[in-house]
Amino acid sequence: MNRRVKFIITAIFVLGASTGIARQGHAQSRAKQTAEAHYEKGMKAYTLGHFPEAIEEFERAYEMRSEPIFLYNIAQSHRQNNAPQRAIFFYRRYLEADPNVKNRAEIEKRIKDMETQLNAQKEKEHAAAAMTPAPVPAIPPTPPVAEPSPPSATEVQTPQPASSEDTHPGRGLRIGGLVAGGVGVAAVAAGIAFGLHATSLHDQAYPAPPRAYDYSKDQDSKSFRTLEWVSFAVGGAAVITGGVLYYLGVSASNAPLALAPLVAPGAGGAAVFGRF
């Protein structure tokens, strides 16, 4: 019984290890295929002179599979793309990753030549900067001297036509006052009508015997009575407002102002008259 258990456990471990090794091998194979695909794209781009694209593809290939040859191709692409500093960087990474390459001496000479070229370019830039004269401060221009203008003939000022506000000051206030007064008078008239109708309904609600009391007409009478007083209140306020506005307009124009009493059944007030 114990031998069978040991055998089963051993078989399980062997099967698990085999499965892990197979998965690892499959992943490595897939990474290798992806790296080769990027490498081929990079070589096509390099051949066509598309060096930035070639650099990108070679870097992707190196990320999938760390082969030193990819570093060399990246360096070559940077050199062709006129980026000597980046080319030197990747040439050195290539030599560090594969110290025993056959063309090591050629690469080291290439690095030295590019460094010499970079140093000469820096010295040339420094010399050019030293020879550039300092900017001369700009002298502010002398402001022109104003010359006296010759005497001109006397200009005749053409009088401008006066606006309506100048010829009729306060006209807007007077018109507004009259409009407000008119609204007030209309409201008072409506209140009178409401009052008369309320009185009529009240008489109909309380008829002489033998007719009975009419509740509906009594309520209608009260409603119209309320409308009567509301109309009187609104009309009186409008008449007062119109009188104030008209008074202000008359004060502005010094026009004569006249007041006339306004009398109506159950109400009273005043109307303002004048020139506008």
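Positive contributions from Lys and Arg (+1) and negative ones from Asp and Glu (-1), summed over other residues with Cβ under 12 Å from the Cβ of residue 37, come out at +3. In this label model, residue 215 and residue 199 are separated by 2.8 nm, measuring between points 7 Å along each Cα→Cβ vector. A cut-off under 15 angstrom between Cβ atoms defines the neighbours of residue 195, and their net charge, with Lys, Arg +1 and Asp, Glu -1, is -1. Rounded to 0.05, the FRET efficiency of the residue 119 and residue 33 pair, given R0 = 51 Å and the Cβ-Cβ distance, is 0.70.
Site pair residue 175 and residue 85 shows an inter-label distance of 7.9 nm when each label is modelled 7 Å from Cα along Cα→Cβ. Distance between the modelled labels on residue 129 and residue 63, one decimal in nanometres: 3.6 nm (7 Å Cα→Cβ projection). Of the peptides 192-199, 30-37, 74-81, 99-106, the order by per-residue mean of other Cβ atoms within 10 Å, starting with the highest, comes out as 74-81, 192-199, 30-37, 99-106.
Taking 0.36 nm per residue of sequence separation and removing the Cα-Cα distance, the residue 97/residue 248 pair yields an extension gain of 44.3 nm.
A short reminder: the numbers here are calculations on the coordinates, not readings from a lab. From a predicted model like this one, the values you see are computed outputs, not experimental measurements. When we count neighbours, we look across all protein chains shown, and the Cβ atoms used for this are built from the backbone with ideal geometry, even at glycine.
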